[in-house]
Amino acid sequence: MLLVAAFCGILFRLYWIQMIAVHSFSREEADLITEAEEQQSGVFMVDSGRGQILDRNGISLTGERDWRLIVFPLSESQWRVDTDKLNRVARIIGLSPREFRETVKALRRPQVLHDRKGKEEALSEKQAEAIQELEVPGVYALKTDYRQDPDRLARQVIGRVERNPFLIRERYPDEWTNGRYQAHSRIGVTGLEAAFEPFLRGGRQHLLTYITDGGGRPLNGLHMATRESGGAIPYRVVSTLDQRAQRVAEKNLEEAGVTEGAVVVQDLASGDILAMASRPSLESAGKNQNPWNNRALMEMTPGSIFKTVTAVAALDTGKVKPGETFDCNGHLGRYGMKDSKPGGHGRQSLEEAYANSCNVVFARVAERVGGKTLKDYAHRMGVGERILWSGPVFKEKDFRQLPQEQTGLIFSKETSLEDSGAVAQTGIGQRDVKVTPLQAVNMVTTLFQEGKTLNPRIAREIQRPDGEVLYRFPPHALKTEKKIASFALERVRHMMRLAVTDGTARSLQGASLALGAKTGTAQVGPDKDTYNKWMVGYGPYEKPRFAAAVVIRSVRDSGDMRAHEVFRKVMEGLEKELKGEKKG
C-alpha cells in the first residue's frame with residue numbers, strides 16, 4: 001500500500017511539474033509550453049495587425065492589405081494527389097502549370113508567391129475566392145499586408161518584427177504583466193518598427209502556424225492552424241522618406257554591385273531625410289554580416305570628406321586668410337605623411353588644396369587650427385555625435401527616431417589634443433576619426449543653413465487611424481553658442497564645385513546637372529590595405545535642392561570609382577524623379 005501511495009505521489013508530482021507549474025510562472029519566464037510548441041512549429045505572419053509606416057506622400061512602405069497567394073513547399077506526393085487542382089491554381093494566377101510547379105519547387109519555406117519577374121502581385125477578390133474553393137492543402141489565398149516582403153523598400157530603416165517574449169518583458173514590463181502582450185506577440189526589434197513600437201502595435205494579428213521537422217522544414221498538411229489576436233486599432237507613422245528617392249538610391253547601389261555601403265539623401269531646405277539605403281541586403285549578406293545593421297547609421301573612417309570640417313574651421317576662425325597659398329612637395333616628413341600625387345601639388349590656395357584633396361596642405365591647416373578647435377567645429381557641424389532628431393515625446397523624455405544611430409568619434413580618450421601629429425591626421429579624416437553616412441550628408445546640408453546645424457528627421461508625424469495628427473515632430477537644430485559665418489560656408493560650397501570642375505571629382509563633369517562634391521578615400525583595416533570610398537555633395541549647383549552621401553566600405557582597390565558613379569546616378573535620378581517639386 002505504501003508503494004502504491006508513493007507511486008501515485010510521484011505521478012502527481014510529474015503531472016504538477018509538466019502541466020501546472022509551467023503555467024504558474026509563465027508570465028515571468030514566458031509561457032514555456034508555448035515556447036516548446038513553437039520550437040517544433042513554424043509561424044507565417046499573414047497579417048501583422050500593425051500600423052502602417054508611410055512615406056512623406058502617404059504611400060505605404062510596409063505594404064497595403066490585399067489578397068495574396070501564400071504557398072508552402074509541396075511534396076511529390078502532394079503534387080500527385082492534387083495535380084488537377086494545382087494546375088487550376090496556376091491558370092487562375094496566369095502561370096502555366098510548368099511555371100507554377102518550378103516556382104513552388106524552389107520554395108524552402110512558406111511565402112507569398114511572386115510573378116514571372118519576381119515581383120509580389122496581389123490577387124483580385126474573384127481570383128482569391130476561386131483558389132479558396134479548391135481547398136488545396138498548403139495553398140492559401142488570404143488577405144495579408146505581407147509586412148515581411150524581402151523586396152520591400154527601405155528594409156533596414158523600417159526594421160524587423162519578430163516574436164521575442166523576453167525582449168517584450170524587458171522593454172514593456174507593464175504591458176506584459178497586464179496581458180497587452182502575449183507570448184506569441186510580435187514586436188519591432190530594429191529601425192522604425194522598434195522606435196515606434198508603442199504606436200504601431202495593437203491591431204488584429206493573423207498568424208498561420210505549422211509543424212516543422214528537425215531541420216525547420218515545414219511538414220505541410222500537419223496541424224495547420226490560424227491564430228488571431230485583437231486589440232486597439234494602431235496609429236500610423238509618416239516618415240520623411242520619399243519612395244521615389246529611396247528606389248533611386250537602392251537601385252544604384254544594387255547596379256553598382258555594392259556588397260557593403262550606404263546612400264543617404266537629404267532635403268537641403270528642411271534637412272529631412274529623403275532616402276536611406278544600406279547594403280548588404282537580406283539576400284546578399286555574407287556569413288558574418290548582419291543585413292539589419294543599417295550602414296547609414298554606423299560609424300566608419302571618413303578620409304578626405306572630413307577636410308570639409310577642417311576648411312570651415314580654418315576660414316571661420318581666420319587661421320587661413322583669403323588668398324593665402326601653401327606649398328606641397330608631396331610629403332610631410334615629420335609625420336611620414338605622403339600626398340596622393342607623387343611630387344606634390346606645388347603652390348596652391350586652400351580652395352585648390354580642397355579640390356585636389358591635398359593631404360599635406362590640410363595637415364598643416366589642421367595644425368594651425370589646433371585639436372581643441374577642430375573637435376569643436378566637428379561637433380558644431382554635427383559630426384562625432386548622434387545627430388538624428390531626438391527629444392521629449394509624451395512620457396518619453398529622450399525619444400530617438402532611430403535608436404541604433406552610432407555617435408562617431410573625433411579624438412579617442414587616449415589621444416592628446418596637443419599631439420600635433422594626431423591633429424594633422426585628424427584634419428584629413430584619418431587617425432581616430434569616425435563618421436556615419438548620416439553625419440556626412442548632414443555636414444553638407446549645414447553649409448546651406450546660415451550657420452545652423454539641423455537635427456534631421458526621418459519621421460515627420462504620428463497619425464491616428466483616421467489621419468488626424470497625434471504628434472508632429474518639430475524641426476530641431478543643434479544648440480551652439482555661435483553660428484558659423486556665412487562667408488566661410490559659402491567658400492566651402494564653392495570648393496565643392498571646384499572639386500568637380502578642376503579636382504578629384506572631375507568624373508562628375510558628364511552629369512546631366514551641375515554638382516558640387518568632395519571625394520574621400522580612407523585607409524582601413526589592420527594593414528591599411530582596404531579602403532572606404534566616399535563621395536558627398538549637393539546639386540543642382542545653380543539651385544541646390546539635395547545633399548547626398550555615398551560610401552562603399554572595405555574595398556581592395558584604392559582607385560575604385562563606384563562611389564562617384566553611384567553619387568552621379570543618384571543625383572541625376574533625384575532631379576528626374578522629383579523634378580518640379582517645391583524645395584522642402
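For the reader, a short list of remarks on this structure follows.
- Cα centroid separation, the range 229-272 to the range 334-405 (Å): 26
- Taking max minus min of the alpha-carbon positions on each principal axis, the range 509-584 gives extents of 48, 24, 18 Å, largest first.
- Within straight-line reach of Lys338, meaning a Cα separation under 26 Å, sit the following lysines at least 8 residues removed in sequence or on another chain: Lys307, Lys319, Lys321, Lys372, Lys375, Lys434, Lys518, Lys528, Lys533.
- Once the C-beta distance of Lys372 and Ser340 is scaled by a Förster radius of 22 Å, the resulting FRET efficiency is 0.20 to the nearest 0.05.
- Distance distribution note for the range 362-511: the fraction of Cα pairs above 21 angstrom is 56%.
- Rg/Rh ratio calculated on Cα atoms of the range 334-433 (Kirkwood radius): 1.12
- Per-pair calculated FRET efficiency, R0 = 22 Å: Gln509 and Glu577 via Cβ, rounded to 0.05: 0.45
- Whole-angstrom Cα spans of the range 440-488 along principal axes, big to small: 47, 22, 14
- For Ser357, nonlocal amide neighbours, meaning residues 5 or more places apart or on other chains whose placed amide H falls under 5 Å from its own, are Thr504.
- Relative packing of 94-105, 269-280, 292-303, which averages over residues the other C-beta atoms within 10 Å, highest first: 269-280, 292-303, 94-105
- Accessible solvent surface per residue of the chain, calculated while the other protein chains remain in place, 1.4 angstrom probe, Å²: 46
- Amide H contacts of Ser554: Tyr531, Asn532, Lys533, each under 5 Å away and 5 or more positions distant or on a separate chain (H built 1.01 Å from N in the peptide plane; Pro and chain starts excluded).
- Under 12 Å from the Cα of Lys543 - aspartates and glutamates, other chains or at least 8 residues apart: Glu575
- For Arg460, distant residues with modelled amide H under 5 Å away: Val238, Ser239, Thr240
- Measuring nothing but how far apart in sequence close Cα pairs (under 8 Å, 6+ apart) lie, relative to its length, the chain scores a relative contact order of 14 percent.
- Each principal axis of the Cα atoms in the range 243-578 has its own extent, and those three values, largest first, are 66, 44, 42 angstrom.
- D (Stokes-Einstein, µm²/s), Kirkwood Cα radius, the range 66-144, 1.002 mPa s at 20 °C: 173
- Mean projection of the Cα convex hull over all viewing directions, computed for the chain: 34.6 nm².
The values are calculated or read from the model by the stated rules, or taken from the named source; none is laboratory data. Please read all numbers here as calculations on a predicted model, not as lab measurements. Glycine gets a Cβ as well: all are built from the backbone with ideal geometry, and neighbour counts include every protein chain shown. For the accessible areas, the whole protein counts, side chains as well, though only heavy atoms, and no ligand, DNA or RNA atoms are used. Shrake-Rupley method; radii C 1.70, N 1.55, O 1.52, S 1.80 Å.
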